[in-house]
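Any read-out appearing in this document is the output of simple, stated calculations on the displayed coordinates, not a laboratory observation. Everything numeric here is computed off the predicted structure, so don't read it as measured data. Using ideal geometry, Cβ is built from the backbone for each residue, glycine included, and neighbour counts are taken over all protein chains shown.
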Amino acid sequence: MKLISWNCQGGFRKKADIILAHKPDILLIQEYEHPDKLIFGATTQKPNDKYWYGDNKHKGLCIFSFCDYRFNLLDSFNPEFRYYVLPFRITGPGHHFILFAIWAMDNKENRKARYIGQVWQALNHYTSSLSESNLMIGDFNSNKNVGLER
């Protein structure tokens, strides 16, 4: 299985062929505009499954499957982790696991829930899902300065 995560920094429709040339089975894109804006060319592989989540039609998180893998957002999804930690059940030929799709970012209302802090809080919330096979992938937006008081 080839799984790719990429923060495309918007305008994915203009950049899609760059990443699709790598032929991912599952593709996770951060800062992805609503999928209605993407028009696949005649020679561009179309996804078999997709899920987009965002509160801004210009930037959200999208997951695609270009093979027999399917995904469903877990019932335990908590929209409080809107900047974003989305738990998906991935099923496919001979595989099933939980994938945490991540696009961590600043949270001006709650400093403890910014960047890697929100990932930590989400994983504590999803503890019951951590007993299965798991994969955390995405843009953690973390560095040595995140969380330091200025």
If we count other beta carbons within 10 Å of each Cβ, what is the order of Ile102, Ile18, fewest first? Ile18, Ile102
If you take the beta carbon distance between Asn56 and Arg13 as r and set R0 to 22 Å, what does 1/(1 + (r/R0)^6) give as a FRET efficiency, to the nearest 0.05? 0.85
Go through Lys57/Lys108; Lys23/Lys50; Lys37/Lys112; Lys50/Lys108; Lys14/Lys57 and tell me which ones have a Cα-Cα distance over 23 Å in this structure. Lys37/Lys112; Lys50/Lys108
Sequence-distant or interchain residues sharing an amide H contact under 5 Å with Asp139, placed H: which? Ile102, Trp103, Ala104
In segment 70-114, the trypsin sites (Lys or Arg not before Pro) that sit in a DSSP loop and have at most 12 other Cβ atoms within 10 Å of their own Cβ are Lys108
Between segment 70-101 and segment 2-61, what is the separation of their alpha carbon centroids in Å? 17
Estimated dipole of segment 3-139 in Debye, rounded to 20 [Cβ of Lys and Arg +1, of Asp and Glu -1, Cα centre]: 320
Helix 116-125 versus the longest principal axis of the chain: what is the Cα-based angle in degrees, 0 to 90, to the nearest 10? 90
Would you work out which of Phe71, Thr43, Phe88 lies farthest towards the positive end of the dipole of segment 3-139, given +1 charges on the beta-carbon of Lys and Arg and -1 on that of Asp and Glu, about the Cα centre? Thr43
Using Cα pairs under 8 angstrom and six or more residues apart, how large is the relative contact order of the chain, in percent? 18
Cβ density ranking, 10 Å radius, fewest first, applied to Ile116, Ile26, Ile90 yields Ile116, Ile90, Ile26
Looks like segment 69-123, by Cα gyration tensor root eigenvalues a ≥ b ≥ c and the a/c under 1.5 rounded cutoff (else prolate when a/b is bigger than b/c, oblate otherwise), is prolate
Viscosity 1.002 mPa s, temperature 20 °C: give me the Stokes-Einstein translational D for the chain in µm²/s, with Rh taken as the Kirkwood radius over C-alpha pairs. 134
